[in-house]
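Only one structure is covered here, and it is reproduced in the block below.
The values are calculated or read from the model by the stated rules, or taken from the named source; none is laboratory data. Owing to the predicted nature of the structure, the values given are computational and were not obtained by experimental measurement. Note that we place each Cβ from the backbone using ideal geometry, even for glycine, and neighbour counts take in every protein chain shown.
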Amino acid sequence: MGGNNLPGPLNLLKSSPHVWAALLIIPGIILISAAVAYYIYAARAGAGLDDLNVLQTRSPVVSLVAEVPDAATRTGISPTTTPDPTVEQPTTQSAQPASLSAEIIASQQAYPGELISPYAWEDPLNLEPAAPGEGKPEGYVPVLSSQGSPAGSLADPERIIITSIGVDSAVKGLEILDLGNSRAYETPKNVVGHIPQAANPGEVGSSWFFGHLESPVAGEGNVFHDLPDIPGMLRRGEEVYAVVESSSGSFLYLITESLVLEADDLSLSYADIRTANPEYTGLDPAGAILHLVTCVPRLVYDHRLVVSGQLVGVRGS
């Protein structure tokens, strides 16, 4: 039998080469548009990484409250000053004893500044109360970072808690993978990963913890999804604590700095990081230090956010 036996759509494609061209061009345009949009996003996201570099040397909340003058200073007088008998003093209709005046003046307070953060003074009515569990954890014996235990003397970490960003996660030691021409640590899957060769919690030296910001492809969780929120907290003078637990006890760290590095510049030597970035690092490399690491920015992941703090408290197991 003669004639064209191709199905209708295929016959149309055979007889209309322009249709083939359209089918090839349209997906190409879509792919190019997506690539351009991604690179524009990546450029904008990368430009904002400098905002994550913070060194909290002194809490603004503490410093501002300390600078609030007392009642006597505000009035420009000293309630306990004895008048000079050689100088004629102005008379008042209802003079009060010096001790009573001092008590009244000292009891006056123009604003309850010691009770709330200075950042809320402008709009105190909309101040959101701290959520239960926030603030400095109680029951810890204060210690200096330099008073950490010797390396290798304490147990591996089992759990990490960072209330400020809602982290309460198990900790797993990361194994080293043989990649043929190179070796690398495995990625943590739905947990926080700890470098076993680094210091354990409570020990002097650097204790390194890694977690995913997000893992849309591999599905390995997003335990450090809110870690990029900590730099903003530090800028506002907030105190951010991390608790790391092990069979040796519970160890409290105060977070004081955050730093963004290119992925290839990340080193497990804090001394090297501090030498290369002195403006955003201030911890003593010889003390007991905690480092929390995740990939930034979102959807690009070519930099590493390193959030660090020092040991400030211990509690027995």
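Looking at the range 167-179 only, could you name the residues that are under 16 Å from L268 (Cα atoms) and either touching a helix residue (DSSP H, G or I) at 6+ places or on another chain (Cβ under 6 Å) or at pLDDT 95 or above (or both)?
Matches in the range 167-179: G173, L174.
Would you check if S269 is under 11 Å from the mean Cα position of the chain (by Cα) and polar (S, T, N, Q)?
no
Against the condition in contact (Cβ under 8 Å) with a residue 24 or more places away in the chain and not in a strand (DSSP E or B), how does V223 come out, does it pass?
Against the criterion (in contact (Cβ under 8 Å) with a residue 24 or more places away in the chain and not in a strand (DSSP E or B)), V223 qualifies.
Within the set of pairs 6 or more residues apart or between chains, which connect a residue that is outside the structural domain of A263 (by TED's automatic domain parsing) inside the range 173-190 to a residue that is among the basic types (K, R) and surrounded by 13 or more Cβ atoms within 10 Å (Cβ to Cβ) with Cβ atoms less than 6 Å apart?
Cβ pairs passing all conditions: none.
If you scan the range 180-214, which residues turn out to be small (G, A, S), buried (at least 19 other Cβ atoms within 10 Å of the Cβ) and either under 19 Å from the mean Cα position of the chain (by Cα) or over 16 Å from L268 (Cβ atoms) (or both)?
G193, G202, S206, S207, G211
Kindly list the number of the only condition in (1) in a strand (DSSP E or B); (2) modelled with pLDDT under 95 that fails for A218.
For A218, the exception is condition (1).
I'd like the full set of residues that are touching an Asp or Glu at 6+ places or on another chain (Cβ under 8 Å) and crowded, with 17+ Cβ neighbours inside 10 Å, limited to the range 262-294.
Y280, T281, L283, A288
Do you know which residues across the range 223-233 are more than 9 Å from I165 (Cα to Cα) and surrounded by 17 or more Cβ atoms within 10 Å (Cβ to Cβ)?
Matches in the range 223-233: V223, P228, P231, M233.
Please return the ranges of strands (runs of 3 or more DSSP E) entirely within the range 230-317 where 1 or more residues are among the hydroxyl-bearing types (S, T, Y) and within 24 Å of Q147 (Cα to Cα).
In the range 230-317, 240-246, 249-262, 303-316 are the strands (runs of 3 or more DSSP E) which contain 1 or more residues that are among the hydroxyl-bearing types (S, T, Y) and within 24 Å of Q147 (Cα to Cα).
Return a yes/no flag: does the range 309-316 have any residue that is more than 18 Å from G211 (Cβ to Cβ), loosely packed, with under 15 Cβ neighbours inside 10 Å and touching a residue at least 12 places away in the same chain (Cβ under 8 Å).
Yes, some residue in the range 309-316 is more than 18 Å from G211 (Cβ to Cβ), loosely packed, with under 15 Cβ neighbours inside 10 Å and touching a residue at least 12 places away in the same chain (Cβ under 8 Å).
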